[in-house]
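Trainee: Could you have a look at this structure, given as structure tokens, before my questions?
The values are calculated or read from the model by the stated rules, or taken from the named source; none is laboratory data. No experiment lies behind these values; they were computed from the predicted model shown. Every residue, glycine as well, gets a Cβ built from its backbone with ideal geometry; the counts of neighbours run over all protein chains shown. The area values use the complete protein model at the heavy-atom level, side chains included, leaving out ligands, DNA and RNA. Shrake-Rupley method; radii C 1.70, N 1.55, O 1.52, S 1.80 Å.
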Amino acid sequence: NPTERVISGFYQRKKMHGISGTIEQFFDDQFARDKAGEKSILATGHYLGLHQYCGQTLGKDRLLLTCSERLFAQPKEAMEKIFNHLELDPAANRREFPADNVGAYPDASPELVTRLDSYFAPLNENFFEYIGEDLGWNADR
């Protein structure tokens, strides 16, 4: 989910680079940068362009999209799909896959989440159409 991705990205940057100010101030700046055509953290949630580039470079049939939400919720099933796609022996898929390096951070305000969701909604719809699957990111929270 690109909204969750960029919020996580904010907290990563705050931890690693000591960003000052609030999350709202940070995203006000990022929206202004995006509007001006400058580099912005928001671009990390533009999944369609990246997927199209990889598909053109490698071949769309060689790509497998696996969402982290699905991977965490159903790791065995997700890994089975990955093993099948890679034509690996399914018997090798017997180990556990615990989440590693899980971060925790405060929830963003509902207003910021709504603002980000609204920004990403049309981009998500285009991405869902391209991949032929609605990943549910635009569903009401």
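Trainee: To the nearest 10 degrees, how steep is helix 75-85 against the longest Cα principal axis of the chain, on a 0 to 90 scale?
Mentor: Helix 75-85 and the main axis of the chain meet at about 70 degrees.
Trainee: Right, something else. Using a 1.4 Å probe over the heavy atoms of the protein chains, calculate the carbon and sulfur portion of the accessible area of the chain as a whole percent.
Mentor: Ligands and nucleic acids excluded, carbon and sulfur reach 52 percent.
Trainee: Between 0 and 90 degrees, rounded to the nearest ten: what's the tilt of helix 23-35 against the longest Cα principal axis of the chain?
Mentor: Result, in degrees: 80.
Trainee: Can you tell me the length gained on complete extension of the stretch A139 to T44, counting 0.36 nm per residue apart and subtracting the Cα distance? Numbers along the way, then the final one.
Mentor: Details: separation 95, 0.36 × 95 = 34.20 nm, distance 2.03 nm.
Contour length minus the Cα-Cα distance gives 32.2 nm.
Trainee: Let me ask another. Please give, to one decimal in nm, the separation of the simple spin-label points placed at L88 and A104, each 7 Å out from Cα toward the Cβ.
Mentor: Reported label-point gap for L88 and A104 is 3.0 nm.
Trainee: Something else now. GluC sites (Glu not before Pro) within the stretch 12-109: which are DSSP loop residues with at most 15 other Cβ atoms inside 10 Å?
Mentor: Values: sites: E24, E38, E69, E77, E80, E87, E96; in loops: E38, E87, E96.
Qualifying residues, ordered by number: E38, E87, E96.
Trainee: Below 8 Å, C-alpha to C-alpha, sequence gap of six or more: please give me the relative contact order for the chain in percent.
Mentor: 27
Trainee: With N residues in the stretch 55-97, what two-decimal value do you get for its Cα radius of gyration over 2.2 N^0.38 Å?
Mentor: This ratio for the stretch 55-97 stands at 1.26.
Trainee: Under a GNM of the chain (C-alpha, springs under 10 Å), which listed residue has the highest mean-square fluctuation: D100, D89, D61?
Mentor: D100
Trainee: Quick one: among L42, L64, L116, which has the greatest mean-square fluctuation in a GNM of the chain with alpha-carbon springs under 10 angstrom?
Mentor: Greatest mean-square fluctuation among the candidates belongs to L64.
Trainee: While we're on this one: Thinking of the chain as a set of Cα atoms, what percent of all their pairs are more than 23 Å apart? Before the final figure, lay out the partial values.
Mentor: Numbers: 4614 of 9870 pairs.
Summing the P(r) tail past 23 Å for the chain gives 47 percent.
Trainee: Run a plain Debye calculation on the stretch 1-84 (Cα atoms as equal point scatterers, no solvent) and give log10 I(q)/I(0) at q = 0.13, 0.25 Å⁻¹, rounded to two decimals, same order as the q list.
Mentor: Listed by q, the Debye log ratios stand at -0.60, -1.17.
Trainee: I7: accessible area at probe 1.4 Å, nearest 10 Å²?
Mentor: Approximately 10 Å² of I7 is accessible to the 1.4 Å probe.
Trainee: On a 0 to 90 degree scale, rounded to 10, what angle separates helix 110-131 from the longest Cα axis of the chain?
Mentor: That works out to roughly 40 degrees.
Trainee: Based solely on its DSSP helices, what 222 nm [θ] is calculated for the chain when runs of n ≥ 4 H residues each add -39,500 (n - 2.57) and the sum is averaged over all residues, nearest 500 deg cm²/dmol?
Mentor: Only helices count here, giving -18000 deg cm²/dmol.
Trainee: Next question. In the stretch 29-92, which trypsin sites (Lys or Arg not before Pro) are in a loop and have at most 13 other Cβ atoms within 10 Å, using DSSP for the loop call? List each step's numbers first, then the result.
Mentor: On the way: sites: R33, K35, K39, K60, R62, R70, K76, K81; in loops: K39.
When the trypsin sites (Lys or Arg not before Pro) of the stretch 29-92 are filtered for loop state and at most 13 Cβ neighbours within 10 Å, K39 remain.
Trainee: Give me the lysines in straight-line cross-link reach of K35: C-alpha distance below 24 Å, same-chain residues under 8 apart excluded.
Mentor: In chain and number order, the partners are K14.
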